[in-house]
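The values are calculated or read from the model by the stated rules, or taken from the named source; none is laboratory data. Everything numeric in this text was worked out from a predicted model, so none of it was measured. Glycine gets a Cβ as well: all are built from the backbone with ideal geometry, and neighbour counts include every protein chain shown. Note: areas computed on protein heavy atoms with side chains; ligands, DNA, RNA excluded. Shrake-Rupley method; radii C 1.70, N 1.55, O 1.52, S 1.80 Å.
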Amino acid sequence: MEAKLYTRLGLESGKLLDAGAGSGYVAMYMARKGFDVQAIDTTLHHLKDAQENVKANRLQGKVAVSYGDYHNLSAFPAASFDGIYTMETFVHADDPNKVLKNFYCLLKPGGVLVLHDADFSRNSDNAAPHTRRQVQHRPETAIDD
Ligand SMILES: C[S@@+](CC[C@H](N)C(=O)[O-])C[C@H]1O[C@@H](n2cnc3c(N)ncnc32)[C@H](O)[C@@H]1O
């Protein structure tokens, strides 16, 4: 799935935010593709796993892991990421609109957001298809309440 996410991002380099990074495997995949990745998560044992995995794979210079809730991303400067993605994580949002606004603020103009979540509603009997949403930051576009 990370390969599809990478393709959807359509970027070759830059800084990415992995929002809800879990144990860090997707962030490490992106780091190996050449990106600098800021990985955030709210679950402490996932953060610990991610930090250990990043260290074990000697990717500390490419992946930064820190506590972060995508409902409050004020720790990061506006327009500081070339790309933002979620992998199986956006579905957990309590306030999806607020999260999308936060992502929008953090994207550089022209930056890319990819949300990758399983869609179990389409067919509950078989392997669940996945929906992927990719949008591009355009300064003239606003997200309404
Ligand atoms: C199903 S896991 C996916 C982890 C990782 N993206 C992957 O694909 O391996 C969902 C992750 O989202 C994190 N999460 C849930 N709510 C979050 C929030 N508000 N902000 C940041 N991360 C959150 C959880 O702690 C968990 O690690």
Quiz item: Limited to segment 46-89, what total is found for residues that are among the basic types (Lys, Arg) and crowded, with 21+ Cβ neighbours inside 10 Å?
Solution: 0
Exercise. Please state which of the following conditions GLU88 fails to meet, knowing it meets all the rest: (1) acidic (Asp, Glu); (2) more than 14 Å from LEU115 (Cα to Cα); (3) touching a residue at least 24 places away in the same chain (Cβ under 8 Å).
Key: (2)
Self-check item: segment 67-85, subset out of contact with any helix residue (DSSP H, G or I) (no Cβ under 7 Å at 6 or more places or on another chain) and under 20 Å from GLN51 (Cβ atoms), residue farthest from the ligand (Cβ to nearest atom)
Solution: ALA75
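When the residues of segment 33-45 are filtered to those that are without any contact (Cβ under 8 Å) to a residue 40 or more places away in the chain and buried (at least 16 other Cβ atoms within 10 Å of the Cβ), which remaining residue is farthest from the chain's Cα centre (by Cα)? Give the steps one after another, and end with the answer.
At the first step, the residues of segment 33-45 found to be without any contact (Cβ under 8 Å) to a residue 40 or more places away in the chain are 33-34, 36-37, 39-45.
After this cut, where a residue has to be buried (at least 16 other Cβ atoms within 10 Å of the Cβ) as well, the list is 33, 36-37, 39-41.
On the way: LYS33: 15, ASP36: 12, VAL37: 9, ALA39: 8, ILE40: 8, ASP41: 10 Å.
Only one residue fits best here, namely LYS33.
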Quiz item: With respect to GLY68, is the statement that it is within 14 Å of the chain's Cα centre (by Cα) and either on the phi > 0 side of the Ramachandran plot or of a type in the set (Gly, Ala, Ser) (or both) true?
Solution: yes
Exercise. Give me the pairs, please: first residue somewhere in segment 13-32 and open to solvent by less than 10 Å² (accessible area, probe 1.4 Å), second residue anywhere and of a type in the set (Asp, Glu) and at pLDDT 95 or above, beta-carbon distance under 6 Å, and either six or more positions apart or on two chains.
Key: ALA27/ASP18
